[in-house]
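To keep things clear, I will list the structure first and then write my remarks on it.
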Amino acid sequence: MRQFLLFSVLFLLSGCAFIKGYQLDQRHGRADPSRFDQTPDRQAIANAPVEYWRDVKPITDNRCAVCHGCFDAPCQLQMGSVEGITRGANKTKVYDAVRLFAANPSRLFVDAQSNAAWRARGFHPVLNERESTAEANLDASVMARMLTLKSKHPSIAGSPLPNDRFDFSLDRDQYCPAIEEFDDFANQHPEWGMPYGLPALSKKEEQTIKQWLELGAPAAPPKPLSEPQQKRIAQWEEFLNGDDIKSA
Ligand code: HEC
């Protein structure tokens with residue numbers, strides 16, 4: 001009986017996400033995992049009023065990368081680069097003390113080379129990968145929905161955060177809702193918008209990121225490194241990768 005109940009609940013839950021996915025498909029078309037792998041239109045980026053390097057990165061560096069910066073970031077969502085943002089998130093923990101067998105590493109830039117390849121490895125998008133309309137780019141983006149959730153339920157700046165509402169431990173349980181699961185997540189944890197447990201972005205910062213999302217997240221290709229920068233990198237590589245025992 002208990003097993004039957006468990007299966008029914010699991011079935012209902014998966015059915016729910018399934019129906020949400022179907023509804024999103026009806027509204028905004030099917031998701032295309034390679035949407036952010038296509039070569040960007042340079043002219044469109046040059047004309048975009050909001051662009052990643054100039055307008056968005058300073059905000060994400062300042063307010064998001066403190067948690068979403070490294071290999072074991074929450075939901076593996078790395079926000080130090082646009083590639084980390086387009087790769088998206090993954091429910092699997094990087095460090096898991098109860099894991100018995102070795103896991104496939106998921107190092108950004110190393111273990112897969114395209115967003116589509118990351119989708120095949122269990123990453124779900126936090127940007128909209130359905131039709132690129134201003135409406136869909138907000139409605140079908142986990143990132144946009146997380147910011148909206150926060151602005152509806154902002155934490156009180158300057159007050160100590162009660163531990164029963166926000167868990168900052170490294171091994172906290174995490175949900176990492178895909179867009180299909182987002183409504184349930186928001187209903188159950190209305191205060192867990194982003195930045196998690198910290199004051200909300202300023203209205204202007206939120207608007208900048210939302211406008212960037214609406215435009216389809218335009219990002220210019222990175223500028224090539226200057227000669228002095230390349231020289232410096234070569235020096236560090238040589239220093240850090242020496243063969244002698246001391247270097248190792
Ligand atoms: C204090 C640490 C912290 C900061 C700062 C922070 N986050 Fe998060 N973020 C988390 C945690 C923890 C989760 C996992 C929540 C869960 O699923 O239980 C998360 C999850 C997310 C997710 C959901 C991923 C998914 O799979 O559903 C998004 C999107 C996100 N963060 C965006 C942001 C953005 C954008 C910022 C900056 C404006 C930000 N975060 C700042 C801790 C943080």
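The values are calculated or read from the model by the stated rules, or taken from the named source; none is laboratory data. Treat the numbers as computed from the prediction; the structure is a model and nothing was measured. Every residue, glycine as well, gets a Cβ built from its backbone with ideal geometry; the counts of neighbours run over all protein chains shown. What goes into the accessible areas is simple: the full protein's heavy atoms, side chains included, and nothing from ligands, DNA or RNA. Shrake-Rupley method; radii C 1.70, N 1.55, O 1.52, S 1.80 Å.
Split the accessible area of the stretch 123-248 by element, probe 1.4 Å, and carbon with sulfur accounts for 56%. Of the residues Gln38, Gln229, Gln188, the one that moves most in a GNM of the chain with alpha-carbon contacts below 10 Å is Gln229. The stretch between Glu238 and Asp139, if pulled fully straight at 0.36 nm per residue, gains 30.9 nm over its current Cα-Cα span.
Which entries of Lys152/Lys210; Lys91/Lys204; Lys152/Lys203; Lys57/Lys210 show an alpha-carbon separation above 19 angstrom in the structure shown? Mind showing how you got there, number by number?
Numbers: Lys152/Lys210 15 Å; Lys91/Lys204 31 Å; Lys152/Lys203 12 Å; Lys57/Lys210 13 Å.
With Cα atoms farther than 19 Å apart: Lys91/Lys204.
Between Arg130 and Asp32, the built amide H atoms are under 5 Å apart, and every one of these is 5 or more places off in sequence or on another chain. Comparing mean-square fluctuations of Ala200, Ala17, Ala120 from a GNM of the chain with C-alpha springs under 10 Å, the top value falls on Ala120. Quick one: angle between helix 203-214 and the longest Cα principal axis of the chain, in degrees between 0 and 90, rounded to 10, please. It works out to around 90 degrees.
Among 95-101, 54-60, 106-112, the peptide with the highest mean count of other Cβ atoms within 10 Å heads the list, and the full ranking is 54-60, 106-112, 95-101. The shape of the stretch 2-240 comes out rounded: with a ≥ b ≥ c from the C-alpha gyration tensor, a/c is under 1.5.
Between 0 and 90 degrees, rounded to the nearest ten: what's the tilt of helix 227-240 against the longest Cα principal axis of the chain? Roughly 80 degrees, rounded to the nearest 10. The amide H of Ala89, built 1.01 Å from its N in the peptide plane, has His124, Val126 as neighbours under 5 Å, considering only residues 5 or more places off or on other chains.
In degrees, nearest 10, range 0 to 90: what is the angle between the Cα axis of helix 142-152 and the longest Cα principal axis of the chain? Approximately 70 degrees, to the nearest ten.
In this structure the chain gives 64 Å² per residue of accessible area when probed at 1.4 Å with all protein chains present. Sequentially through the stretch 94-101, phi angles give Karplus couplings (6.51, -1.76, 1.60; θ = phi - 60°) of 6, 9, 9, 5, 9, 6, 9, 10 Hz, Gly and Pro residues having no value and appearing as x.
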